[in-house]
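The values are calculated or read from the model by the stated rules, or taken from the named source; none is laboratory data. Everything quoted here is computed from the prediction, not taken from an experiment. Counting neighbours? That spans all protein chains shown, and the Cβs are built from the backbone with ideal geometry, glycine included.
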Amino acid sequence: MKKYFTISEFARLRKININSLRYYEKIGLLKPVYVAPKTNYRYYSAEQLSDLDTILLCIQLGIPLKDFVKYINRQGELQTRKLLEDGKKLAHLKMQAIQTDLKKIEYSLGYMEANRQYENREGLYIRHIGQRQLITAEYAADINDIANVERSLSELYELAQNKNLAPLFPSGIILKYVNNLPKFWLFFDIISPQPEETGIVNLPEADFLCLQVDTDSGKNPLAEIEIHFRSKAKDAAFIISNMFLSKYRFRNKRSEIQMQIDYTEIKV
């Protein structure tokens, strides 16, 4: 049997466990080229190394082992080309996911750095903010019901993920007065908006009149808007954004109220 490798020798060639080879055999993915009748010892050929390499590559790419059987033809041969083509598609998807994660990290680091420049500001101030894309959802329940706001934000975040919009913090609330009554939308920043997607708000690069509200001290952002902003622009939209990379909590986080200067209507 010198022209064959024992199962231990074959496993060592690729530094894998022999139990992996036994499992590949069990699911019909990589069978020994020869099984000794008396001892039941398994033997593999050098030619099977390419099949094993393909299997290990596609495992690394994330193709489930249960799906491998569809790459075996009626003659028990591994359809390597089809397997590699599907592996290539998965690799591209992984690369896209990594690129999106890098964009999210860069965006979050930039957000933290920008906030650091305005940390603990008192009174009204002007802040220049770059272009933003938000995913929004109208919120018609009690805005003071913190638990429900959190649940609704979680649902919005999950929706954005399912739509591949790459949601990230900051999150918050958009407030508009309609017939002098407040209406609310919840939002998350996103970095991968899709064409024709509903609920997406595009905020242009602009100067914003801002005020930080420390809700730990008992201040209410809605009351602060009435005091500091409503006399300046009764029909403006107000963005109440959390200042830190955590979930938006309406009553116990430092928030920043933002009103665009030279107001252009924010459509939500």
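Every condition in (1) closer than 30 Å to Tyr177 by Cβ; (2) in contact with a helix residue (DSSP H, G or I) (Cβ under 6 Å, 6 or more places away or on another chain); (3) part of a helix (DSSP H, G or I) holds for Tyr111 except the one numbered (2). Based on what the data block shows, is Lys70 more than 30 Å from Ala166 (Cβ to Cβ) and not in a helix (DSSP H, G or I)? No; evaluated as a whole, the condition is false for this residue.
Condition check ((1) surrounded by 12 or more Cβ atoms within 10 Å (Cβ to Cβ); (2) at pLDDT below 95; (3) closer than 18 Å to Tyr107 by Cβ; (4) out of contact with any Leu (no Cβ under 8 Å at 6 or more places or on another chain)) across all residues:
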residue: Asp142; (1), (2), (3), (4): no, yes, no, yes
residue: Glu150; (1), (2), (3), (4): yes, yes, no, yes
residue: Leu159; (1), (2), (3), (4): yes, yes, no, yes
residue: Tyr177; (1), (2), (3), (4): yes, yes, no, yes
residue: Asn180; (1), (2), (3), (4): no, yes, no, yes
residue: Ile191; (1), (2), (3), (4): yes, yes, yes, no
residue: Val201; (1), (2), (3), (4): yes, yes, yes, no
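A Cβ distance below 6 Å, combined with a sequence gap of six or more or placement on separate chains, defines the contacts here; from segment 23-43, residues that are touching a residue at least 24 places away in the same chain (Cβ under 8 Å) reach residues that are acidic (Asp, Glu) in the pairs Leu30/Asp51; Lys31/Glu25. Considering every residue within segment 224-238, establish whether at least one is farther than 12 Å from Ser255 by Cα, assigned to a strand (DSSP E or B) and aliphatic (A, V, I, L, M). Yes, segment 224-238 contains at least one residue that is farther than 12 Å from Ser255 by Cα, assigned to a strand (DSSP E or B) and aliphatic (A, V, I, L, M).
Conditions (1) over 30 Å from Ser192 (Cα atoms); (2) of a type outside the set (Val, Ile, Thr); (3) surrounded by 13 or more Cβ atoms within 10 Å (Cβ to Cβ); (4) without any contact (Cβ under 8 Å) to a residue 12 or more places away in the chain, marked per residue:
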| position | (1), (2), (3), (4) |
| --- | --- |
| Leu49 | yes, yes, yes, no |
| Cys58 | no, yes, yes, no |
| Leu65 | yes, yes, yes, no |
| Gln79 | yes, yes, yes, yes |
| Gly87 | no, yes, yes, no |
| Gln96 | no, yes, no, yes |
| Ile105 | no, no, no, yes |
| Glu113 | no, yes, no, yes |
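Yes or no: Thr100 among the hydroxyl-bearing types (Ser, Thr, Tyr), in a helix (DSSP H, G or I), under 31 Å from the mean Cα position of the chain (by Cα) and over 30 Å from Asn242 (Cα atoms)? Considered against the rule, which asks whether it is among the hydroxyl-bearing types (Ser, Thr, Tyr), in a helix (DSSP H, G or I), under 31 Å from the mean Cα position of the chain (by Cα) and over 30 Å from Asn242 (Cα atoms), Thr100 comes out as no. The residue of segment 2-31 that is surrounded by the fewest Cβ atoms within 10 Å (Cβ to Cβ), among those that are in a loop (DSSP other than H, G, I, E, B) and either hydroxyl-bearing (Ser, Thr, Tyr) or at positive phi (or both), is Lys15. Looking at segment 114-217, the strands (runs of 3 or more DSSP E) lying wholly inside it that each contain 2 or more residues that are more than 30 Å from Gln96 (Cα to Cα) and among the hydrophobic types (A, V, I, L, M, F, W, C) sit at 167-178, 181-190, 206-214. Working only within segment 166-210, note down all residues that are in contact (Cβ under 8 Å) with a residue 12 or more places away in the chain and of a type in the set (Ser, Thr, Tyr). Within segment 166-210, Ser171, Tyr177, Ser192 meet the criteria. Quickly run through segment 76-97 and pick out the residues that are among the acidic types (Asp, Glu) and outside any helix (DSSP H, G or I). Correct list: Glu77 only.
Of all the residues in segment 32-67, those that are within 37 Å of the chain's Cα centre (by Cα) and part of a loop (DSSP other than H, G, I, E, B) number 3.
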